[in-house]
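Below is one structure, written out as structure tokens, with a few remarks after it.
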Amino acid sequence: MDIIAENILVKESTLHSSEALCLHLHDIIKASLLTAVFQPILDMQHATIVGYEGLIRGPANSVLHTPIELFRVARACGMVTEVEYLSRRIVLESFARLDLSGKIFLNVSPDILLQPDSKTGETLKYLDELGLQPSQVVIELTENAQALDYQLLRDATQHYRNMGFEIAIDDLGEGFSGLRLWSEIRPEYIKVDKHFIHNIHLDPVKMQFARSIQEIAAKSGAQVIAEGIETQDELMAIRDLGITYGQGYLIARPNASPSQEISADISKSLIRADISRENILQNRATVEKLLKFIPAVEPTCNNEDVFKMFDKNSELFAIPVVVDGHPVGLIGRNMMINDYARPYRRELYGRRPCEIMMDKAAIIVDKMVSLQDLSDLILKSDPRHLSVGFIITDNGQYRGMGSGHDLLRIISQMQINAARYANPLTLLPGNVPISEQIDSLLQSGTSFIACYCDLDNFKPFNDVYGFKKGDEVIQLTGRLLTEACGPYDFLGHIGGDDFIVLFQSEHWENRCHEFLSKIGDTFPSFYSDIDRQRGAIETEDRQGDKRFHPILSISIGALVVEPDLYQSHHEVAAACVNAKKQAKKVAGNNLFIERRAA
């Protein structure tokens with residue numbers, strides 16, 4: 001009997017405790033005692049803050065201070081909806097009051113989003129009152145629901161997208177439904193759970209998981225955010241994987257008044273990615289580089305509402321018309337204003353569907369179309385497209401718009417950069433951009449590997465087989481070196497048969513050996529059968545003596561450049577030449593690595 005009585009007392013105590021917690025939570029909600037904190041989201045490639053995740057905290061002296069305990073009790077007490085709406089309001093109010101830049105990521109439970117009594121217009125109301133736009137808000141779906149109606153969720157997320165919001169999935173990999181959720185709703189952002197980021201540089205399985213997520217995201221048009229970055233090694237591993245965004249204690253802890261700039265140490269670590277990618281990728285730029293999100297309207301939207309959108313935003317030159325996510329045309333500012341200027345047009349057509357003013361022949365291009373192809377398309381089209389702009393899609397789904405002005409600006413800059421100082425034979429950057437690149441890396445305090453690549457026995461080959469064959473060898477060398485480069489590596493053509501590679505990617509030494517192996521396989525094919533069989537070219541010198549010159553090979557002198565060891569590109573170049581001379585002391589394809597101690 002004593003044991004039974006003791007159990008009853010424990011249950012009664014637990015009941016009273018639960019009731020007390022529910023009453024405490026009720027008081028917190030009634031008095032709006034929650035506080036918003038913000039954690040920055042970092043653009044890994046450009047070392048800038050692009051937005052913040054809005055998090056919520058209970059009263060500091062309360063057992064419900066942490067969000068985990070707050071929402072656990074809210075669910076147990078049947079008040080999770082009230083807590084979510086209050087949290088959402090407080091986060092948005094704080095974001096607006098602090099005048100934070102970029103996007104705000106709002107945590108929303110999928111099951112709350114789908115509730116029949118969900119206040120679908122409340123978030124828009126808050127935004128309007130606070131002077132915020134839907135395009136600034138990312139609805140971050142937390143994976144804590146046991147069962148979901150995916151069809152309803154698809155419809156709900158598309159409804160919010162049509163209003164200008166973007167969608168993110170939180171903690172991918174934590175539960176079982178994440179990949180299904182990703183496939184069903186096709187979010188703009190994927191947040192990888194911190195479990196897979198912790199010590200990722202030491203765990204090949206975690207590394208492969210993150211790499212696979214990044215590859216799927218690239219194909220689905222989503223951007224990956226790595227959560228829980230806490231160490232420098234984790235940051236470097238994430239950056240080297242090419243993941244776009246990062247978040248975690250190393251970058252910044254959640255704070256009620258967050259900094260709008262990242263620390264100098266983080267910036268210094270990441271800046272090398274930005275230094276290299278502009279030169280490497282400038283000729284691979286796609287339409288996505290021009291993408292700007294512009295809220296779309298449906299064909300049934302009346303002309304007066306469209307006109308008000310133009311009147312409210314003087315920088316808006318066109319509005320896309322979209323049906324079920326698929327663009328069908330656009331309405332240009334000048335076209336509408338000119339039409340409205342005619343007598344009685346506004347009175348006659350103001351309440352009619354906007355599709356009567358829609359340009360059905362608008363240019364619609366996929367985000368992966370090259371800028372050069374888009375430029376050619378616009379030049380062949382009606383001149384109005386240059387001023388009104390074009391619609392950008394992702395697998396047929398509307399993503400945003402681009403302007404002719406931005407296209408012309410980027411194309412012009414690309415042409416200038418490509419033409420200036422480029423080697424005419426390989427079109428690779430020449431001496432001036434090579435020197436500028438080395439100086440940029442030195443100034444950033446970044447470690448890198450400078451490899452001086454020089455062909456062996458090239459002059460006798462050129463003399464015997466002619467300059468045309470010699471040019472083919474140099475061009476092939478340039479192509480094979482390009483293949484050996486990673487996304488953050490820089491390749492330049494010094495001139496003649498000399499090249500330089502500035503490696504920042506992982507496994508650079510393996511890349512060099514793979515390159516040398518390809519050289520060994522391909523160079524013999526440039527020789528005649530006789531020369532190939534004897535492994536050399538036979539020539540006569542001025543005295544008539546026979547001389548033999550071995551098959552073409554390449555020597556690589558690699559210099560490990562650590563911060564503060566070298567002050568300018570002149571010093572790096574001199575050290576590279578010495579490393580190359582050491583490589584040439586060994587016959588055949590060879591890599592010599594010089595590691596100068598500090």
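Read the figures in this text as sums done on the coordinates, not as results from a lab. All of these numbers come straight from a predicted model, not from anything done at the bench. Cβ coordinates were reconstructed from backbone atoms using ideal geometry, including for glycine residues, and neighbour counts include every protein chain displayed.
A few notes on this one:
- Shape class for the stretch 176-217, computed from the alpha carbon gyration tensor (a ≥ b ≥ c): prolate, with a/c not under 1.5 and a/b above b/c.
- Checking Cβ-Cβ separations below 4.7 Å across the chain identifies Cys301, Cys354, Cys451, Cys453, Cys485, Cys512, Cys576 as cysteines lacking any candidate disulfide partner.
- Computed over neighbours whose Cβ is under 12 Å from that of Glu234, the net charge equals -2, Lys and Arg +1, Asp and Glu -1.
- In order along the stretch 354-367, the Karplus-derived 3J(HN,Hα) couplings, from 6.51 cos²θ - 1.76 cosθ + 1.60 at θ = phi - 60°, round to 5, 4, 6, 9, 7, 7, 6, 9, 4, 7, 10, 10, 6, 5 Hz, and Gly and Pro are given as x.
- With at most 16 neighbouring Cβ atoms within 10 Å, loop trypsin sites (Lys or Arg not before Pro) (DSSP) excluded, longest segment of the chain: 120-350
- For Thr539, Thr393, Thr477, order by how many other beta-carbon atoms lie within 10 Å, fewest first: Thr539, Thr393, Thr477
- Cβ-based charge dipole, the stretch 379-504, positive-most Cα from Leu407, Phe490, Ser447: Leu407
- Descending principal axes extents, the stretch 289-412, alpha-carbon based, whole Å: 43, 29, 25
- The residues neighbouring Val50, those whose beta-carbon lies less than 11 Å from its own, together hold a net charge of 0 under the Lys/Arg +1, Asp/Glu -1 convention.
- Shown here for the stretch 175-229: chymotrypsin sites (Phe, Trp or Tyr not before Pro) in loop regions (DSSP other than H, G, I, E, B) with at most 15 other Cβ atoms within 10 Å, namely Phe176.
- Anisotropy class of the stretch 480-541 from Cα gyration tensor, a/c 1.5 cut: prolate
- Formal net charge of residues neighbouring His201 (Cβ-Cβ distance under 14 Å; K, R +1; D, E -1): -3
- In terms of its C-alpha gyration tensor, the stretch 451-598 has a prolate overall shape, because the principal axis ratio a/c (a ≥ b ≥ c, square roots of the eigenvalues) is not below 1.5 and a/b outweighs b/c.
- Ordering of 240-247, 229-236 by burial proxy (mean other Cβ atoms within 10 Å per residue, highest first): 240-247, 229-236
- Counting only DSSP beta bridges whose two residues both lie in the chain, roughly 65 percent are antiparallel.
- From the coordinates of this entry, Rg and Dmax of the Cα atoms in Å is computed, and it appears in [x] 28.4, 95; [y] 25.3, 81; [z] 30.7, 119 under the label [z].
- As a proxy for reagent exposure, ranking Val365, Val321 by other Cβ atoms within 10 Å from fewest up yields Val365, Val321.
- Gap separating the Cα centres of the stretch 225-256 and the stretch 187-209, nearest whole Å: 11 Å
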